[in-house]
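Asker: This is the structure I want to talk about, given as structure tokens.
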Amino acid sequence: MENVFDTLNERGFIAQCTDEAEVRKLLGSKKVTFYIGFDPTADSLHAGHFIALMAMAHMQRAGHRPICLVGGGTGTIGDPSGRSDLRKVMTDDVIEHNCERFKEQIARFIDFSDGKALMVNNGDWLRKLGYIDLLREVGAHFTVNRMLAAECYKQRWDKGLTFLEFNYMVMQAYDFYKLNGDYDCILQMGGDDQWSNIIAGVELTRRKTGRAAYGLTNKLLLKSDGSKMGKTAGGALWLDADKVSPYDFYQYWRNVDDADVKTCLSLLTFVPMDEVNRLSSLEGSLINEAKQVLAYEVTKLVHGEDAANQAQKSAAEIFTFQSSENMPTVEVSDAVGKKILDVLAAAKFIESKSEGRRLISQSGLTLNDKKVSDPDYVLQADDFPAVIRKGKKKFYKVVNA
């Protein structure tokens, strides 16, 4: 039976590990309870959480037990990792609502039946801790100079690190200590930006209990140029269908850069690696086959098979200029007689008319499959319903109301 450590390594998940040889040995010899934490900073998970969810799913499929920790306690402070400013403080009601939404979304990836996985909220213990009790129990195990050397704190040094945020590492470390005692959890996993916090939890658990504890981080979801993946013109690529429709979600992955196809197929799908290698080796227009597989598989995981089938069908219809209910559509009053760029800018299909002029100069804007060459083109009655193509792959519909 294949060791899940090797599976994660082959697919490109693993960034850092506290003891690679020992962790690999443990994952290949016994059922391991591990945890990953999710702070409720919004009412939906987003693409940045995707790798953690997939790593958790791979671990469970190999027979290990996940603990999904939602941060009802740590969310009251907010992790300073990767932040240039203080996170907005949320009310208790907002935190509770966000935690419930996270639970619903995580359940799409993880099987919680028959004790195969656990869902816990660190607010259940962190909110009950007295400040003096916490200081006396764990404070002596942290040195300020070592904490300040952590990358997550160094990034905030110039703008100012609040004492509120300074406590975050202690609270996350306490989570690992608590889960180790209550559930025999011996491994904490998370994104590579959590390395300092994970190390703190490993060391606290070892010092307080004398038992072994380990940490493993996953690579962050980055494009080949090093920038974050999962950003759209409207903000984050949310996993909530009410925030980002299954069609738009599908289209995001359908339009990733060629250089990112292998990374996405490896990390965000369960497609076997032999097939991943075959698909990602395709060149020219053939790479579109790989992108279609990627978009379908990712959408199926997040939104279900029916939604993935519909998104795939809609994308095919739009590409062949047939009507589709899922094509981004806007109704414009008295659009006949208006200039095309005025209508597109008002509909937010383009960010500005200057962007529209640039697209036209580069032959990047079509109206009903005909290139628009005149930026002052006035829309006629027989242009509607108008199918607009922006660039190579983005399609929109304008209806005259």
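The values are calculated or read from the model by the stated rules, or taken from the named source; none is laboratory data. Treat the numbers as computed from the prediction; the structure is a model and nothing was measured. Cβ coordinates were reconstructed from backbone atoms using ideal geometry, including for glycine residues, and neighbour counts include every protein chain displayed.
Asker: Among the residues of segment 275-288, is there at least one that is out of contact with any helix residue (DSSP H, G or I) (no Cβ under 9 Å at 6 or more places or on another chain) and surrounded by 17 or more Cβ atoms within 10 Å (Cβ to Cβ)?
Answerer: No: zero hits.
Asker: Test of understanding: among LEU216, LEU220, LEU187, LEU204, which residue is in contact with a His (Cβ under 9 Å, 6 or more places away or on another chain), modelled with pLDDT of 90 or more and under 16 Å from LEU8 (Cβ atoms)?
Answerer: Details: LEU216 fails: in contact with a His (Cβ under 9 Å, 6 or more places away or on another chain); LEU220 fails: in contact with a His (Cβ under 9 Å, 6 or more places away or on another chain); LEU204 fails: under 16 Å from LEU8 (Cβ atoms).
Every option except LEU187 fails the conditions.
Asker: Find the residue count for segment 141-160, including only residues that are touching a Lys or Arg at 6+ places or on another chain (Cβ under 9 Å) and either in a loop (DSSP other than H, G, I, E, B) or at pLDDT 75 or above (or both).
Answerer: Restricting attention to segment 141-160, the residues satisfying the condition of being touching a Lys or Arg at 6+ places or on another chain (Cβ under 9 Å) are 141, 148, 152, 155-156.
Adding the requirement that they be either in a loop (DSSP other than H, G, I, E, B) or at pLDDT 75 or above (or both) leaves 141, 155-156.
Result for segment 141-160: 3.
Asker: Filter segment 355-401 down to the residues that are of a type in the set (Ser, Thr, Tyr) and farther than 25 Å from TYR252 by Cβ and list them by number. Show your work before the answer.
Answerer: So in segment 355-401, the residues of a type in the set (Ser, Thr, Tyr) come out as 361, 363, 366, 373, 377, 396.
If the condition is that a residue be of a type in the set (Ser, Thr, Tyr) and farther than 25 Å from TYR252 by Cβ, then SER361, SER373, TYR377 are the ones that fit.
Asker: Please find, within segment 26-58, the residue that is farthest from LYS231 (Cα to Cα) out of those that are hydroxyl-bearing (Ser, Thr, Tyr) and not in a helix (DSSP H, G or I). Step through it out loud before you land on a result.
Answerer: Going residue by residue through segment 26-58, those that are hydroxyl-bearing (Ser, Thr, Tyr) are 29, 33, 35, 41, 44.
When the remaining residues are screened for being not in a helix (DSSP H, G or I), the result is 33, 35, 41, 44.
Details: THR33: 33, TYR35: 27, THR41: 17, SER44: 15 Å.
The extreme case among them is THR33.
Asker: ALA47 is checked against (1) at pLDDT below 95; (2) farther than 27 Å from LEU129 by Cβ; (3) surrounded by fewer than 20 Cβ atoms within 10 Å (Cβ to Cβ) and fails just one. What number does that condition carry?
Answerer: Among (1) at pLDDT below 95; (2) farther than 27 Å from LEU129 by Cβ; (3) surrounded by fewer than 20 Cβ atoms within 10 Å (Cβ to Cβ), ALA47 violates only (3).
Asker: Separate question: If you take the residues of segment 81-104 that are modelled with pLDDT under 55 and of a type outside the set (Gly, Ala, Ser), which of them is nearest to PRO40 (Cα to Cα)? Even if it seems obvious, please write down each step before you answer.
Answerer: Filtering segment 81-104 down to residues modelled with pLDDT under 55 leaves 82-87.
In the following step, the residues that additionally are of a type outside the set (Gly, Ala, Ser) were identified as 83, 85-87.
On the way: ARG83: 16, ASP85: 18, LEU86: 15, ARG87: 12 Å.
Per the stated criteria, the residue is ARG87.
Asker: Answer with yes or no whether ALA42 is modelled with pLDDT of 90 or more, small (Gly, Ala, Ser) and assigned by TED's automatic domain parsing to the domain that holds CYS99.
Answerer: On the way: modelled with pLDDT of 90 or more: no; small (Gly, Ala, Ser): yes; assigned by TED's automatic domain parsing to the domain that holds CYS99: yes.
Judged against the criteria, ALA42 is not a match.
Asker: Continuing with this model, one more query. ASP114 versus (1) buried (at least 21 other Cβ atoms within 10 Å of the Cβ); (2) at pLDDT 90 or above; (3) in a helix (DSSP H, G or I): which is the lone unmet condition?
Answerer: ASP114 satisfies every listed condition except (1).
Asker: Right, something else. Do we have ALA315 as modelled with pLDDT under 85, closer than 15 Å to GLN251 by Cα and either surrounded by 20 or more Cβ atoms within 10 Å (Cβ to Cβ) or not assigned by TED's automatic domain parsing to the domain that holds ILE106 (or both) here? Break it down stepwise before answering.
Answerer: Numbers: modelled with pLDDT under 85: yes; closer than 15 Å to GLN251 by Cα: yes; either surrounded by 20 or more Cβ atoms within 10 Å (Cβ to Cβ) or not assigned by TED's automatic domain parsing to the domain that holds ILE106 (or both): yes.
Yes: the conditions hold for ALA315.
Asker: Starting from residues that are modelled with pLDDT under 90 and aliphatic (A, V, I, L, M), keep the ones in segment 223-243 and report whichever is surrounded by the fewest Cβ atoms within 10 Å (Cβ to Cβ).
Answerer: Here the answer is ALA233.
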